[in-house]
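Inspection log for the structure reproduced underneath, given as structure tokens.
The values are calculated or read from the model by the stated rules, or taken from the named source; none is laboratory data. It should be emphasised that the depicted structure is a prediction, and the values quoted were computed from it without experimental measurement. For neighbour counting, all protein chains shown are included, and Cβ atoms are generated from backbone atoms with ideal geometry for every residue, glycine included.
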Amino acid sequence: MADNRDNKPIVIMLVIVLVAIVCVVGYFVTTSKPELQVVEKIEIPKVVQPVESEPVPDPEPEPPAAPVIEAPVEEEKPDFVLPLLDDSDQLIRDGAVSLSRHEGVNAWVAPNQLIRKFVAFTDNIARGQVVKEPIRSLAPEGPFLVRKIDENTFLLDHASYSRYTPFVEIAGSVDARRAAEFYHLLRPLVQIAYAELGYGNQTFDDVMFQSIGRLLETPIIIGEIRLVQPVVMYKFEDPKLESLSAAQKQLIRMGPRNTLLLRTKISEIALELRAILDR
């Protein structure tokens, strides 16, 4: 029978081999990576997290509209109120300053009841007459000069023309447009004064242009003017001149130069006045 002691090294060797196998196996288990298995790739959809937007603040409430306060409607007041006819002299005097810068114009507006006298004077010119009362303050200085030819015939002395030069200079200095505008402003008072003369509803504008027409028809005499003196007053020897209206004969006595200057100024005022009245 064999001895079992001879088998110990083989058993030990087997135990060492088994321990070595266990140790090797344990090494690989602990140190080696497992083989990856290929599986079908499944795409997992990404879940998009909603982005939380910042909260939009509520719009601020608009401030309440300011209450509309309607301004009280003021009644339109007239730019100018005419005085009564009896109180109108000062208005004429103040207005004369805007019509002419000639210092002599003050003498024209010195009398009282200026509108009434103007209306009466203009009405008489339109009817071919001359009333001395309204223009007495404007009477020329010095005597009426003549040169005697014989007992019954005289020549109008040219030196007499200069008596009217101050009057003509003042008239020539008047601004035509302002004069027309001033008349237009005074029309209501002028019409009242004209109605006082007893002409009813007739307008004074017609009378104004009639008087202007008469004055513009006055002839301008360049040469010598012969006069006669049947009694006291001198008369024109030429029947055509003597048949003219009193206002026209007065212009002739002023001389050709003064007559032309006055006619020119009267014509300018008439044109301006017509333009205003035709608006």
Looking for whichever is under 34 Å from the mean Cα position of the chain (by Cα), in a helix (DSSP H, G or I) and at pLDDT below 90 here; the options are V119, V73, V97, V81. Which one fits?
V97
Those residues that are at pLDDT 95 or above, of a type outside the set (A, V, I, L, M, F, W, C) and surrounded by 15 or more Cβ atoms within 10 Å (Cβ to Cβ), I need them from the range 236-252; list them, please.
E237
For the range 156-171, indicate whether the set of residues that are within 22 Å of R274 (Cα to Cα) and either loosely packed, with under 14 Cβ neighbours inside 10 Å or at pLDDT below 95 (or both) is non-empty.
yes
For the range 258-279, name all the residues that are β-branched (V, I, T) and touching a Phe, Trp or Tyr at 6+ places or on another chain (Cβ under 9 Å).
I269, I276
Tabulated pairs, the range 103-127, first more than 12 Å from F204 (Cβ to Cβ), second crowded, with 19+ Cβ neighbours inside 10 Å and among the polar types (S, T, N, Q), C-beta under 7 angstrom, 6+ apart or interchain:
I125/S211
Single match in I220, I266, I225 (criterion: touching a residue at least 40 places away in the same chain (Cβ under 8 Å), touching a helix residue (DSSP H, G or I) at 6+ places or on another chain (Cβ under 9 Å) and closer than 30 Å to L84 by Cα):
I266
If you go through the range 189-212, how many residues are in contact (Cβ under 8 Å) with a residue 12 or more places away in the chain, charged (D, E, K, R) and within 18 Å of L277 (Cα to Cα)?
1
Taking T203 as the residue in question, decide whether it is of a type in the set (S, T, Y), at negative phi and touching a Ser or Thr at 6+ places or on another chain (Cβ under 7 Å).
no
